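The next block holds one structure in the form of structure tokens; read it before the comments.
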Amino acid sequence: MQNITCRRTFYLLLILAAFSFFPFLGLTDYNTKGAPREAIVAVSMLRTGNWILPVNNGEDIAYKPPLFHWAIAAVSMPTGGVNEYTSRVPSVVAFMAMMMACYVFFRKRLDGTAALVASVLMLLTFETHRAAVATRVDMVLTAFIVLALLQFYLWYEKGTRGVPVWAVLFMSLATLTKGPVGIILPCGVTGAFLLMRGYRFFPVFFKLTGCAVAACVLPALWYAAAYRQGGQEFLDLVMEENFGRFLGKMSYRSHEQSVFYNYYITAAGLLPWTLLLAISLFFLRYRRPAGKVADILSGGWRRLRQMEPARLFSLLCVVLIFVFFCIPKSKRSVYLLPIYPFLLYFVAEYLIWLVKRAPRAWRIFGVFIQVVAVAVITVTVALASGLFSGVEAVAGVAAKMPGGGWSALWVTLPAAVLVWFARRKPKVVDIRYLFATLALFYSTQIVLDGSLQPAVLNEKSMKPFAEEVVAAVPEGTIYSYVTEPMLHFFIVNFYAGDRVVRFQRDHPSEGVLLAGDADFAHWQAAYGASYETELVLRSARKGNDVKDYIGLYRFRRTE
């Protein structure tokens, strides 16, 4: 009976995850520079047939290895081309595979209820949910790193006998997704874990070194083929993106942050559960540690060494990966994604513990989630019904809301859970209250993903302007002028089918030019004496990439 229940829970989680993502992947247009920058690589692969080192934006090679772009291209083939939906599928599939693997791992080795709660939290936590639907390499990289870590733990359970083939394969795929970090993290965490479990240093070192070398074989084949195509330019890019980024010696500033950034960005990434954790601090009983500091530290170390192996392994995954990414100057929230599956398991255990020890914290948080649900329902219904269509500040968002029937369908989900909350009115906070709160937030998130969020993000997207550019220039090259290094009109280039190239590359005698207002002034100072120009289009808002109003100009050389 227990196996049947576990199997049913497994499939229930799978259905919840699929329903949380797949209906909504194509609703949101590209509205940042990162997503079309990755998608255009897959466009170039399909257009040119070069799957090793395709060139996009006229002269750029991809900043990352190609596995993610291969996946986008493969998913997009049956549809006839890359679009917003197909470019997000690889991240979703990777997330779901990671989530289900972690559920099975924690359920078998620690606690079934906590494993279930942790899996649902992965669906509902801000950072993991956002990364799961992004056209970026980070979730695919995270999934392979986490899967490699889990396979290394299975290898430990077998006494480290033989070769952990699956761990080696997942590290290879992680390296083909973003680089050597896909080998460094799993091997580093596993090595520290084995040493803490009493294994000798040199056997551990040589075994993991062998695994790391084996994991380099597949990526080395691509790196060799890419070097044959790209030469020194490719090699310089690899060194900068991997080693230069870590050592803070890049040729351009890249997300440089202080060490404190990782702390508050993790707290933000854990929303909304960070609020419950903060609320609970006011309802706990605190005791001053007894004894000398040295005794307290030695006792803590002893308890750490005696911790359940799976719990110790998970803790090391959180701490060591977090510390690793505190070292480089370049810091981003997505770098810390591999800690979330393990961190959320500990959060899940704490939330279950709070049900008995601090129920008032859960009641306050439950009320907060109810207020959020009511607010989301109210705003969604008001916008979808056209109530705010005459209000200039939100008229654009209201116009982009899905049809009233579509929005009403999603609104019924949190509304039904709210009715359940109101009718049940539990006198005692128990595990059912916890799951009811999770259900309410899950259904509220469905409304956000299916109605409100696409409308808000599409309102700020430059896709309408890109479509105007394509209509004005249906074929041929579109030149661009951007003074900031490595920056392009990524959104326009994607929707134009990779036809945008830098003006400086060709110095053409005539054509059309894309430039932000500030960059166009710079262009006029440098080239204006030799060209006459005519404004064809101007964007209604600042671009998602150059952060300026964009003009499309027709130009012709006068000399």
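Some observations on this one:
- Any chance T412 is over 30 Å from Y549 (Cβ atoms) and at pLDDT below 85: yes
- Within the option set S44, S76, S87, being open to solvent by less than 20 Å² (accessible area, probe 1.4 Å), touching a residue at least 60 places away in the same chain (Cβ under 8 Å) and either touching a strand residue (DSSP E or B) at 6+ places or on another chain (Cβ under 6 Å) or of a type in the set (G, A, S) (or both) holds for one residue only, S44.
- The lone criterion from (1) closer than 11 Å to L208 by Cβ; (2) in contact (Cβ under 8 Å) with a residue 60 or more places away in the chain; (3) part of a loop (DSSP other than H, G, I, E, B) left unmet by G179 is number (1).
- Residues being aliphatic (A, V, I, L, M) and closer than 16 Å to A466 by Cβ - total across region 20-50: 4
- Filtering F388, F368 for residues that are modelled with pLDDT of 70 or more, out of contact with any Asp or Glu (no Cβ under 8 Å at 6 or more places or on another chain) and open to solvent by 20 Å² or more (accessible area, probe 1.4 Å) leaves a single hit, F368.
- Test result for V379, more than 30 Å from A143 (Cα to Cα), open to solvent by 30 Å² or more (accessible area, probe 1.4 Å) and modelled with pLDDT of 70 or more: yes
For every residue, the table says whether it meets (1) at pLDDT below 95; (2) among the small types (G, A, S); (3) within 15 Å of L487 (Cβ to Cβ); (4) exposed (fewer than 13 other Cβ atoms within 10 Å of the Cβ).
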position	(1), (2), (3), (4)
R502	yes, no, yes, no
E510	yes, no, no, yes
A529	yes, yes, no, yes
E532	yes, no, no, yes
K542	yes, no, yes, no
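- With respect to the conditions (1) out of contact with any Ser or Thr (no Cβ under 8 Å at 6 or more places or on another chain); (2) more than 24 Å from Y442 (Cα to Cα); (3) in contact (Cβ under 8 Å) with a residue 40 or more places away in the chain, A118 falls short on a single one, namely (2).
- Residue in region 137-154 that is hydroxyl-bearing (S, T, Y) and closer than 18 Å to V318 by Cα present: yes
- When residues in region 171-222 are screened for being open to solvent by less than 20 Å² (accessible area, probe 1.4 Å), among the aliphatic types (A, V, I, L, M) and over 23 Å from D138 (Cα atoms), 3 of them pass.
- Filter result for V140 (on the phi < 0 side of the Ramachandran plot and surrounded by 24 or more Cβ atoms within 10 Å (Cβ to Cβ)): yes
- Scanning region 92-120 for residues that are among the β-branched types (V, I, T), within 15 Å of the chain's Cα centre (by Cα) and open to solvent by 10 Å² or more (accessible area, probe 1.4 Å) turns up just one, V93.
For (1) within 30 Å of V447 (Cβ to Cβ); (2) in contact with a Gly (Cβ under 6 Å, 6 or more places away or on another chain); (3) assigned to a helix (DSSP H, G or I); (4) of a type outside the set (A, V, I, L, M, F, W, C), each residue gets a yes or a no:
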| position | (1), (2), (3), (4) |
| --- | --- |
| A17 | yes, no, yes, no |
| S20 | yes, no, yes, yes |
| D29 | yes, no, no, yes |
| E38 | yes, no, yes, yes |
| R47 | no, no, yes, yes |
| G58 | no, no, no, yes |
| V89 | yes, no, yes, no |
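- The selection criterion, being of a type in the set (A, V, I, L, M) and open to solvent by less than 10 Å² (accessible area, probe 1.4 Å), does not hold for V133.
- Checklist (1) at pLDDT 95 or above; (2) aromatic (F, W, Y); (3) buried (at least 21 other Cβ atoms within 10 Å of the Cβ) applied to W70, failing item: (3)
- Selected residue (criterion: most open to solvent (accessible area, probe 1.4 Å)) from residues of region 309-328 that are in a loop (DSSP other than H, G, I, E, B) and within 18 Å of P180 (Cβ to Cβ): I327
- Entry remark, region 223-261: residues being open to solvent by 60 Å² or more (accessible area, probe 1.4 Å) and modelled with pLDDT of 75 or more number 12 in total.
The values are calculated or read from the model by the stated rules, or taken from the named source; none is laboratory data. All of these numbers come straight from a predicted model, not from anything done at the bench. A quick note on method: Cβ atoms are made from the backbone with ideal geometry, for glycine too, and the neighbour counts reach across all protein chains shown. Surface areas here come from the heavy atoms of the whole protein model, side chains and all, with no ligands, DNA or RNA. Shrake-Rupley method; radii C 1.70, N 1.55, O 1.52, S 1.80 Å.
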